[in-house]
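Below is one structure, written out as structure tokens, with a few remarks after it.
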Amino acid sequence: MAVYTDITEDDLKDFLTQYDVGELTSYKGIAEGVENSNFLLHTSREPLILTLYEKRVEKADLPFFLGLMQHLAARGLSCPLPLPRKDGALLGELSGRPAALISFLEGMWLRKPEARHCREVGQALARMHLAGEGFALKRPNALSLEGWKSLWQKSAARADEVEPGLREEIGAELAFLEGQWPQDLPAGVIHADLFQDNVFFLGDELSGLIDFYFACNDMFAYDVSICLNAWCFEKDGAYNLTKGMALLEGYDAVRPLLPQERQALPVLCRGSAVRFFLTRLYDWLTTPEGALVVKKDPLEYLRKLRFHRSIASSVEYGLKVETGA
Ligand SMILES: Nc1ncnc2c1ncn2[C@@H]1O[C@H](COP(=O)(O)OP(=O)(O)OP(=O)(O)O)[C@@H](O)[C@H]1O
Ligand SMILES: N[C@@H](CCO)C(=O)O
């Protein structure tokens with residue numbers, strides 16, 4: 001359960017006096033998520049989400065994340081909105097953590113998405129990329145090559161505890177990625193964590209995107225590769241070509257992928273597999289036993305990485321025509 005910081009009713013009531021949201025009627029910690037502490041609040045007016053920002057969120061980045069939600073919502077993307085306090089600020093403090101109140105988004109995330117859902121995710125990702133245009137703030141991706149290297153330095157010595165030989169394998173992979181990482185692909189604001197638990201559906205219809213706390217400026221096609229990894233593999237580790245095709249077609253219908261973006265997919269997928277492998281590995285090695293959070297399996301991403309190494313052409317991801325390869 002991801003409640004790292006507990007709150008008391010008195011502190012919460014005190015916090016809420018800074019907002020115009022009615023009277024608190026109930027609140028509870030939300031079990032899902034691994035990054036921040038989230039609470040569902042009910043007030044005499046509306047349900048709300050309270051987020052306390054934890055270890056991976058730099059306070060200096062919060063204006064980017066909260067401002068981005070406002071920017072995207074103003075351009076028609078369905079996503080939660082941060083609520084302003086009476087003094088206009090979007091951010092406050094509770095139990096010693098930076099904290100914000102966020103509007104409640106209706107819907108549920110899908111435990112067993114099908115190809116038609118993957119198509120909608122592709123479309124929504126592309127819409128987000130287009131809607132991000134014109135957002136004034138910038139945030140370089142802290143979890144790109146340099147960030148991976150520093151995470152790896154913190155975990156490498158113990159990596160073989162998780163699987164013998166990992167130290168050598170990941171060291172070589174990082175050297176490969178450093179040499180091959182694309183430099184000139186179209187870039188803008190990306191979500192960077194659009195996993196299943198961050199996409200809500202009402203019935204079969206996508207109702208919105210949440211959790212913009214890894215959003216940053218980076219290559220659009222890198223975000224596509226994150227979604228291929230998160231949405232198009234089955235529990236047994238197999239890549240689902242039908243889902244991959246649907247996700248890519250959905251994206252391409254809204255924002256056509258350039259030949260150089262298509263061509264770069266295998267290396268981008270390797271990079272995004274390494275990114276999630278490394279954060280999971282770090283958490284695996286450092287989260288204390290008994291912590292109220294479900295640790296995610298790093299080896300799932302190692303298997304995905306190995307699959308991407310076997311890919312000879314982007315066509316194997318389900319792209320219909322590979323041009324310029
Ligand atoms: N605006 C919202 N409206 C409705 N439910 C929400 C909202 N924000 C968060 N939730 C609920 O809280 C859960 C965790 O939220 P979120 O994914 O933002 O947390 P996190 O710790 O950042 O997670 P992650 O592990 O995906 O990074 C979601 O799965 C959802 O159930
Ligand atoms: N989506 C991430 C966790 C949140 O950063 C993962 O599955 O590793």
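The values are calculated or read from the model by the stated rules, or taken from the named source; none is laboratory data. Predicted, not measured: the structure shown is a model, and the values here were computed from it. So basically every Cβ, Gly included, is an ideal-geometry build from the backbone, and we count neighbours across all protein chains shown.
Quick one: how many residues across the range 187-202 are within 12 Å of ligand 2 (Cβ to nearest atom) and among the hydrophobic types (A, V, I, L, M, F, W, C)?
First, the residues of the range 187-202 that are within 12 Å of ligand 2 (Cβ to nearest atom): 191-199.
Narrowing the set further to residues that are among the hydrophobic types (A, V, I, L, M, F, W, C) leaves 192, 194-195, 199.
Of the residues in the range 187-202, 4 are within 12 Å of ligand 2 (Cβ to nearest atom) and among the hydrophobic types (A, V, I, L, M, F, W, C).
Could you list, in sequence order, the residues of the range 204-226 that are surrounded by fewer than 23 Cβ atoms within 10 Å (Cβ to Cβ) and closer than 23 Å to Glu249 by Cβ? Correct list: Asp204, Glu205, Leu206, Ser207, Gly208, Asp218. Between Leu194, Leu105, the distinction of being in contact with a Pro (Cβ under 7 Å, 6 or more places away or on another chain) and within 16 Å of ligand 1 (Cβ to nearest atom) belongs to Leu105 only.
Say we look at the range 8-53 and pick out the residues that are part of a loop (DSSP other than H, G, I, E, B) and within 16 Å of ligand 2 (Cβ to nearest atom); which of these is surrounded by the most Cβ atoms within 10 Å (Cβ to Cβ)? So that I can check it myself, show each step before the final result.
Step one: list which residues in the range 8-53 are part of a loop (DSSP other than H, G, I, E, B), which gives 8, 17-23, 30-36, 44-46, 53.
The next check asks that each one be within 16 Å of ligand 2 (Cβ to nearest atom); those that pass are 30-36, 53.
Details: Ile30: 16, Ala31: 12, Glu32: 10, Gly33: 20, Val34: 18, Glu35: 20, Asn36: 23, Tyr53: 21.
In this case the residue turns out to be Asn36.
What do you reckon, is Asp252 over 20 Å from the mean Cα position of the chain (by Cα) and part of a helix (DSSP H, G or I)? The answer is yes for Asp252.
In the range 198-219, is there at least one residue being touching a Gly at 6+ places or on another chain (Cβ under 6 Å), within 16 Å of ligand 1 (Cβ to nearest atom), more than 20 Å from Ala74 (Cβ to Cβ) and hydrophobic (A, V, I, L, M, F, W, C)? Looking for residues that are touching a Gly at 6+ places or on another chain (Cβ under 6 Å), within 16 Å of ligand 1 (Cβ to nearest atom), more than 20 Å from Ala74 (Cβ to Cβ) and hydrophobic (A, V, I, L, M, F, W, C), one finds at least one in the range 198-219, hence yes.
Among residues of the range 174-227 being at positive phi and either part of a loop (DSSP other than H, G, I, E, B) or at pLDDT below 95 (or both), the one that is farthest from the chain's Cα centre (by Cα) is Gly203. Applying a threshold of 7 Å to beta carbon distances and a minimum spacing of six or more residues, or different chains, the list of pairs starting in the range 16-38 at a residue that is over 30 Å from Thr286 (Cβ atoms) and ending at one that is away from ligand 2 (no atom under 14 Å from the Cβ) and of a type in the set (S, T, N, Q) reads Val21/Thr43; Gly22/Thr43; Gly22/Ser44; Glu23/Thr43; Glu23/Ser44; Leu24/Thr43; Thr25/Thr43; Thr25/Ser44. On the given criteria, is Gly271 within 16 Å of ligand 2 (Cβ to nearest atom) and assigned to a loop (DSSP other than H, G, I, E, B)? Here the answer is no, as Gly271 does not meet what is asked.
Output yes when any residue across the range 166-184 is aliphatic (A, V, I, L, M) and within 30 Å of Arg119 (Cα to Cα), and no when none is. Lay out the reasoning, then the answer.
Start the filter on the range 166-184 by keeping residues that are aliphatic (A, V, I, L, M), which leaves 166, 170, 172, 174-175, 177.
Narrowing further to those that are within 30 Å of Arg119 (Cα to Cα): 177.
Yes, that holds for at least one residue.
Only a single item in (1) within 27 Å of Lys149 (Cα to Cα); (2) within 16 Å of ligand 2 (Cβ to nearest atom) is not met by Ile210, and it is number (1). Take the conditions (1) more than 21 Å from Phe64 (Cα to Cα); (2) surrounded by 19 or more Cβ atoms within 10 Å (Cβ to Cβ); Arg167 misses just one of them, which is (2).
Suppose we filter Asn229, Asn198 for residues that are farther than 27 Å from Lys320 by Cβ and among the polar types (S, T, N, Q); which single one remains?
Details: Asn229 fails: farther than 27 Å from Lys320 by Cβ.
Checking each option against the conditions leaves just Asn198.
Against the test of being of a type in the set (A, V, I, L, M, F, W, C) and in contact with a His (Cβ under 6 Å, 6 or more places away or on another chain), the options Ala230, Ala215, Ala246 yield a single qualifying residue, Ala215. Residue selection: Ser150 satisfies the criterion of being in the same structural domain as Tyr251 (by TED's automatic domain parsing), more than 16 Å from ligand 2 (Cβ to nearest atom) and either part of a helix (DSSP H, G or I) or free of Cβ contacts under 8 Å to residues at least 12 places away in the same chain (or both). Somewhere in the range 245-264, is a residue within 16 Å of ligand 2 (Cβ to nearest atom) and either in contact with a strand residue (DSSP E or B) (Cβ under 8 Å, 6 or more places away or on another chain) or in the same structural domain as Asp197 (by TED's automatic domain parsing) (or both)? No, the range 245-264 contains no residue that is within 16 Å of ligand 2 (Cβ to nearest atom) and either in contact with a strand residue (DSSP E or B) (Cβ under 8 Å, 6 or more places away or on another chain) or in the same structural domain as Asp197 (by TED's automatic domain parsing) (or both).
The set of residues from the range 208-234 being touching an Asp or Glu at 6+ places or on another chain (Cβ under 9 Å) and more than 17 Å from Pro186 (Cβ to Cβ) comprises Gly208, Ile210, Asp211, Phe212, Tyr213, Phe214, Ala230, Phe233.
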